[in-house]
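The values are calculated or read from the model by the stated rules, or taken from the named source; none is laboratory data. This one's a predicted model, so the numbers in the text were calculated from it and none came from an experiment. So basically every Cβ, Gly included, is an ideal-geometry build from the backbone, and we count neighbours across all protein chains shown.
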Amino acid sequence: MVRSRSNGSFSSYRRPDAPYLQPTSDSFGVVDGSNIERSFLAVGRRLNSQLLHLADGLSSGTFGVSRFTIRASGYIRGAYFAAYSLGATSVFPFYTLTDRDINILDEELASETGFLREFGRDIASGNVQLDPRTRSRLYLLALRGIFERGRVEAMPNVAYRWRLGPTEHCEKCYEAAFSGPYQRTRNSGLGLPILPGSPGDGSVCLGLSRCGCRIVLDNGQPLPNEDLADRMRGLLLEAIT
């Protein structure tokens, strides 16, 4: 696994003063849908502002590609942890950070760091196919998939369904919806196919915040804060503006 040398593994969030997913966290054991929404919106707005500031600094020559990549990776790392944690606690308020969570987040950040470095080089060379502000917003919109991933990890280890939402759907989303039920991991022990991904994370389709799908329990039992999954898409668009 490739990890960001400058920012380290997400295992550092196991410290006692971590903001989420530790018994010592102020948020531990507390579920308030409206507070989760406010926190998620604040995370999105902050990341949007940080990335735009970095893109402007790189374009103006204030700093180079290496500094851009390191600082942007750090900002995204913090935002990913917050979004993932908010997703997990929206399902189970006593959820604590696991080795699997750390591996998931480390892999996501390692993947994004490669794109960030390429993005930085494009800005510095003036060879940007997408406007830097538009490109920066893609990282912001990806928070929806991270939030959904956190929700899935906090769900009980049972069979799941990929449910279509009230939006237009691509062929791969239809395929995911009609190919279930699924189990979460290879070791779930249910003898089912593994979930193809999480809505909005780009693994099934490239819809990001446009994807209106959600993961639900196959037995039909409702999960806490299911409506949050729909509202997060609108909150990210609000964060951009």
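Which residues, taken from segment 195-241, are polar (S, T, N, Q) and out of contact with any Lys or Arg (no Cβ under 9 Å at 6 or more places or on another chain)?
203, 219, 221, 241
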Output for segment 69-78, where each listed residue is buried (at least 18 other Cβ atoms within 10 Å of the Cβ) and either within 12 Å of residue 20 (Cα to Cα) or among the aromatic types (Phe, Trp, Tyr) (or both): 75
Residue that is under 16 Å from the mean Cα position of the chain (by Cα) and on the phi > 0 side of the Ramachandran plot, where the choices are 145, 87, 197: 197
Can you tell me which residue within segment 53-63, out of those that are assigned to a loop (DSSP other than H, G, I, E, B) and either outside the structural domain of residue 134 (by TED's automatic domain parsing) or at pLDDT below 85 (or both), is surrounded by the most Cβ atoms within 10 Å (Cβ to Cβ)? 63
Could you check segment 20-51 and list, in sequence order, the residues that are assigned to a loop (DSSP other than H, G, I, E, B) and among the aromatic types (Phe, Trp, Tyr)? 20, 28
Based on what the data block shows, is residue 139 of a type in the set (Phe, Trp, Tyr) and either farther than 20 Å from residue 107 by Cβ or modelled with pLDDT of 95 or more (or both)? no
All-but-one check, residue 202 against (1) loosely packed, with under 15 Cβ neighbours inside 10 Å; (2) at pLDDT below 80, failing number (1)
Which of the residues that make up segment 10-19 are under 27 Å from residue 113 (Cβ atoms) and outside any helix (DSSP H, G or I)? 15, 17, 18, 19
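Taking the conditions exactly as written (part of a helix (DSSP H, G or I), among the small types (Gly, Ala, Ser), surrounded by fewer than 19 Cβ atoms within 10 Å (Cβ to Cβ) and not assigned by TED's automatic domain parsing to the domain that holds residue 184), does residue 66 satisfy them or not? Can you show your working first?
On the way: part of a helix (DSSP H, G or I): yes; among the small types (Gly, Ala, Ser): yes; surrounded by fewer than 19 Cβ atoms within 10 Å (Cβ to Cβ): yes; not assigned by TED's automatic domain parsing to the domain that holds residue 184: yes.
Yes, satisfied.
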Matching option when the condition is in contact (Cβ under 8 Å) with a residue 24 or more places away in the chain, in a helix (DSSP H, G or I) and hydroxyl-bearing (Ser, Thr, Tyr), among 134, 113: 113
Restricting attention to segment 42-81, report how many residues are closer than 25 Å to residue 9 by Cβ and in contact with a Pro (Cβ under 7 Å, 6 or more places away or on another chain). 0
So, in segment 217-235, how many residues would count as being outside any loop (DSSP other than H, G, I, E, B) and surrounded by fewer than 19 Cβ atoms within 10 Å (Cβ to Cβ)? 6
Determine which member of the set 54, 41 is closer than 17 Å to residue 142 by Cβ and within 17 Å of the chain's Cα centre (by Cα). 41
I'm trying to understand the selection: among the residues of segment 64-87, which are in contact with a Ser or Thr (Cβ under 7 Å, 6 or more places away or on another chain), modelled with pLDDT under 90 and of a type outside the set (Gly, Ala, Ser)? 69, 70
In this structure, does residue 43 turn out to be within 24 Å of residue 103 (Cβ to Cβ), in contact with a helix residue (DSSP H, G or I) (Cβ under 6 Å, 6 or more places away or on another chain), in contact (Cβ under 8 Å) with a residue 12 or more places away in the chain and of a type outside the set (Phe, Trp, Tyr)? yes
